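Remarks on the structure that follows.
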Amino acid sequence: MNLNESVRRLAAVLCIAAGLGFAYSSALRAADSPPEMSPDGLRLQKNTGSRVIYVRPGAKFGKYDKVAILDCLVEFDKNWQSNYNSQQVDPSAFVSTDDMNRIKKELAQEFKKVFTRELQANGVYQVVDTAGPDVLVLRPALINLRVTQPDLMTPGVDMTVIRSAGSMTLYLELWDSMTNTILARVMDAQADQGLGGPQVANSVTNTMAADFILRQWADTLRKHLQAARAQSTG
């Protein structure tokens, strides 16, 4: 089923606003102390350095029991490609733009898969592609992506052992699907901690590391939304 007109309009609005939104996220990262109010009327709720949360005053999340997840934008750290390639001796090990586009596409698909699975766990939320008074729209992005050792699928390349697969920052906006009103914005930077110890870097281990972080984010979101629903019915 395709997105209905309301969600299509919202997606179009968000595409137009993307530059402004991510420019604001860059300002947040650069600021020692994020402002108490964002330019679009959201109030700072939490700032721990790695996690910044803004919520619209008076916003109620208890009425939502469905979510619509827009396609996830993925962007590498702006210096990652040049920094990575400068450390390679063999030009065949250079990361190309095509390699980066493939990684971004795969990570975007992984985001959608993990968030859909985790939010729908135990029937708590239903992931839909239609708007409604009980539908919360998630507009996600993964920015500042750094991959320690990307799997370029090059024959004959020696195995590389790493302690961390890399890092990325979640930029997530929550919108009401009927009014096209932004309700909250979250930014959270996380790195793979290599909890299993040093491991060989390949597409499987890189995906596992990304999934671990994505599951944490999705689980945290689900718990906060569940708490809001419980409070509204309590």
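Would you calculate the separation in nanometres between label points at K60 and R43, each defined as 7 Å from the Cα along the Cα-to-beta-carbon direction?
Inter-label distance under the simple model: 1.7 nm.
Starting from 0 in steps of 10 Å, tell me what percent of the Cα-Cα pairs of segment 166-234 lands in each bin.
Reading upward from the zero bin: 16, 37, 27, 15, 5.
Ranked highest first by average number of other Cβ atoms within 10 Å, how do 64-75, 118-129 line up? Write down the numbers at each step before the final one.
Values: 64-75: 19.3, 118-129: 14.6.
Descending mean neighbour count gives 64-75, 118-129.
Using amide H atoms built 1.01 Å from N in the peptide plane, name the residues 5+ places from M178, or on other chains, whose amide H lies under 5 Å from its own.
Correct list: G132.
Could you list which residues have their amide H under 5 Å from that of T160, counting only those 5 or more apart in sequence or on another chain, with H placed in the peptide plane?
Residues meeting the criterion, in which the H sits 1.01 Å from N, are A201.
Among all the aspartates and glutamates, which ones have a C-alpha under 15 Å from K105's C-alpha, if same-chain residues fewer than 8 places away are not counted?
Those aspartates and glutamates meeting the cut-off are D71, E75, D151, D211.
List the residues whose amide H sits under 5 Å from the amide H of A68, counting only those 5 or more places along or on another chain, with H placed 1.01 Å from N in the peptide plane.
Placed amide hydrogens put V128, L136, V137, L138 under 5 Å from A68.
With charges set only on the Cβ (+1 for Lys and Arg, -1 for Asp and Glu), what does the dipole of segment 112-203 come to about its Cα centre, in debye to the nearest 20? All intermediate terms of the calculation are to be shown ahead of the outcome.
Details: 7 positive and 9 negative charges, 23 e Å.
Magnitude of the dipole: close to 120 debye.
Please work out the C-alpha center-to-center distance from segment 50-70 to segment 163-213 and express it in whole Å.
Answer, in whole Å: 18.
Residue by residue through segment 51-63, what is 3J(HN,Hα) from phi via Karplus (6.51 cos²θ - 1.76 cosθ + 1.60, θ = phi - 60°)? Round to whole Hz and write x for glycine and proline.
10, 10, 10, 10, 9, 5, x, x, 5, 10, 10, x, 7
Based on the alpha-carbon gyration tensor of segment 114-206 and its eigenvalue square roots a ≥ b ≥ c, which shape applies: rounded if a/c is under 1.5, prolate if not and a/b is larger than b/c, or oblate?
Numbers: a/c = 2.83, a/b = 2.40, b/c = 1.18.
Because a/c hits 1.5 or more and a/b exceeds b/c, segment 114-206 counts as prolate.
Read the figures in this text as sums done on the coordinates, not as results from a lab. These numbers were taken from a predicted model, which means no experiment stands behind them. Note: ideal-geometry Cβ built from the backbone for every residue, glycine included; neighbour counts use all protein chains shown.
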